[in-house]
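A.B. asks: This is the structure I have questions about; it appears just below.
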Amino acid sequence: MHKELIAKKLPFVDERYRERSFEEGKLIELMEECWAYKPSERCTAFEAVSFLRDVVKESNARIEGAKHR
């Protein structure tokens, strides 16, 4: 892991998690944003919370849409 950090590489994430569900894909997206090498490129805690709230809204809308099909 130390070598990856020095090389400015993101930790390994199994690509299957990106495709398994909307929610898991969004969590991976957020994790990678939090792992940005440069602190200025990372999201703030407030941005992370806002992102997660948006994901919950979108997820709920998808569930409701699926119920009406």
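The values are calculated or read from the model by the stated rules, or taken from the named source; none is laboratory data. Keep in mind that this is a model prediction, so the values were computed, not measured. As a convention, Cβ positions derive from the backbone with ideal geometry for all residues, glycine included, and neighbour counts pool all protein chains shown. Note: areas computed on protein heavy atoms with side chains; ligands, DNA, RNA excluded. Shrake-Rupley method; radii C 1.70, N 1.55, O 1.52, S 1.80 Å.
A.B. asks: Here is a list of conditions, (1) loosely packed, with under 13 Cβ neighbours inside 10 Å; (2) in a helix (DSSP H, G or I), and Arg69 meets all of them except one; can you say which number that is?
C.D. replies: Single failed check for Arg69: (2).
A.B. asks: For Glu4, indicate whether it is at pLDDT 85 or above and either of a type in the set (Ser, Thr, Tyr) or not in a loop (DSSP other than H, G, I, E, B) (or both).
C.D. replies: Judged against the criteria, Glu4 is not a match.
A.B. asks: With the requirement that a residue be open to solvent by less than 80 Å² (accessible area, probe 1.4 Å), in a helix (DSSP H, G or I) and either more than 30 Å from Lys3 (Cβ to Cβ) or among the aliphatic types (A, V, I, L, M) (or both), what does segment 22-57 give you?
C.D. replies: Phe22, Glu23, Ile28, Leu30, Met31, Ala45, Ala48, Val49, Ser50, Leu52, Val55
A.B. asks: Any idea which of (1) open to solvent by less than 100 Å² (accessible area, probe 1.4 Å); (2) outside any helix (DSSP H, G or I) is the one Ile63 doesn't satisfy?
C.D. replies: Every listed condition holds for Ile63 apart from (2).
A.B. asks: In segment 8-18, is there at least one residue being in a helix (DSSP H, G or I), touching a Gly at 6+ places or on another chain (Cβ under 7 Å) and surrounded by 11 or more Cβ atoms within 10 Å (Cβ to Cβ)?
C.D. replies: Yes, because at least one residue in segment 8-18 is in a helix (DSSP H, G or I), touching a Gly at 6+ places or on another chain (Cβ under 7 Å) and surrounded by 11 or more Cβ atoms within 10 Å (Cβ to Cβ).
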